[in-house]
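The values are calculated or read from the model by the stated rules, or taken from the named source; none is laboratory data. In this text, all values refer to a predicted model and were calculated from it rather than measured experimentally. Please note: Cβ atoms are built from the backbone with ideal geometry, for glycine as well, and neighbour counts cover all protein chains shown.
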Amino acid sequence: MTPVQFLSAESNARIEPADFLAHVLAQYGAEPADLDVRPVALLTFIPALQHRLLRHLGMPPPQPQPIMRQAWYNPEGRAFSVMASPIGAPVAVMLLEQLIALGARRFLYLGFCGALDPALTIGDLFIPQQAIREEGTSYHYLPAGVEPTAPPAMTALLQEEGKRQGVHLKQGRLWTTDAPYRETSVKIAGFRAAGVQAVDMEVAALLSVAAYRGCEVAALLVVSDECYHPTWRPGFGAPEMRRGCQEAVGLGAAVADLLGP
């Protein structure tokens, strides 16, 4: 049997994001222009981060909207739209594609990651610079041998604003997987030996879409658990974790403003 080639040479797909949006919005009596999505979008994967961000911005609790049932806001006096992103590469990419179709061009994601390297501990903030692709979605956007990278200008801006706010940031390579319950000791050791410092479920795919569509995506992740010990050490709810989430929200909002027009 001939191996499946995920990456197609065709630029057009049977279902284009703009066509799907138009179909869904028509059911609400709306058009894409009615949504007023700004060119810069600040997105959160984790509900706890979204709630902190909305409180930081003085915004109301989230309400479902017609774009994949995700809430979005245009905070007054800010340069960006705020949205919640679904967890997991396939659905996160569907939302990203639709936001690109609506005119957004720069995206900053706030989320969690697991630490593979003892240099990262609970509550640390981590910027993925490159991503190892062990999910399926990215292979429809980039050739298999390509390692997607975050835009250097966006990661530099995060570092500069972090210094200004007194927030220490770490950065490096990330492993993105579709199977968080198959992060085995052998795999963790292998990735760690290759210089990979953290693991998540979305970033590699999002960076791949950005490269394909000519947009910019960066991420700021809070270390939520340590995977380098003999047994798993979660930090959800720990004081260090709460501190890291608050730092990520403040830093993310400031950088999203700087990314605006």
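Does Tyr73 fit the bill of being out of contact with any Phe, Trp or Tyr (no Cβ under 6 Å at 6 or more places or on another chain), surrounded by fewer than 21 Cβ atoms within 10 Å (Cβ to Cβ) and under 26 Å from Ala18 (Cβ atoms)? Before you say what the answer is, go through the steps one by one.
Values: out of contact with any Phe, Trp or Tyr (no Cβ under 6 Å at 6 or more places or on another chain): yes; surrounded by fewer than 21 Cβ atoms within 10 Å (Cβ to Cβ): yes; under 26 Å from Ala18 (Cβ atoms): yes.
Answer is yes for this residue.
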Would you mind finding the one in Gly195, Gly136 that is of a type in the set (Gly, Ala, Ser) and either more than 21 Å from Tyr228 (Cβ to Cβ) or without any contact (Cβ under 8 Å) to a residue 12 or more places away in the chain (or both)? Gly136
If you go through the stretch 138-152 one residue at a time, do you hit one that is modelled with pLDDT of 95 or more, of a type in the set (Gly, Ala, Ser) and surrounded by fewer than 20 Cβ atoms within 10 Å (Cβ to Cβ)? no
Among the numbered conditions (1) aliphatic (A, V, I, L, M); (2) surrounded by fewer than 19 Cβ atoms within 10 Å (Cβ to Cβ); (3) part of a strand (DSSP E or B), tell me where Ile127 comes up short. (2)
From the set of residues in the stretch 113-160 that are of a type in the set (Ser, Thr, Tyr) and over 16 Å from the mean Cα position of the chain (by Cα), which is nearest to Gly250 (Cα to Cα)? Thr121
Mind counting the residues in the stretch 130-157 that are closer than 16 Å to Arg173 by Cα and either touching a strand residue (DSSP E or B) at 6+ places or on another chain (Cβ under 9 Å) or part of a strand (DSSP E or B) (or both)? 15
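Based on this model, can you work out whether Met241 counts as within 18 Å of Gln50 (Cα to Cα) and modelled with pLDDT of 95 or more?
Working: within 18 Å of Gln50 (Cα to Cα): yes; modelled with pLDDT of 95 or more: yes.
It is true that Met241 is within 18 Å of Gln50 (Cα to Cα) and modelled with pLDDT of 95 or more.
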Identify, please: which residue in the stretch 4-42 is farther than 26 Å from Gly145 by Cα and β-branched (Val, Ile, Thr) and is, among those, modelled with the lowest pLDDT? Val24
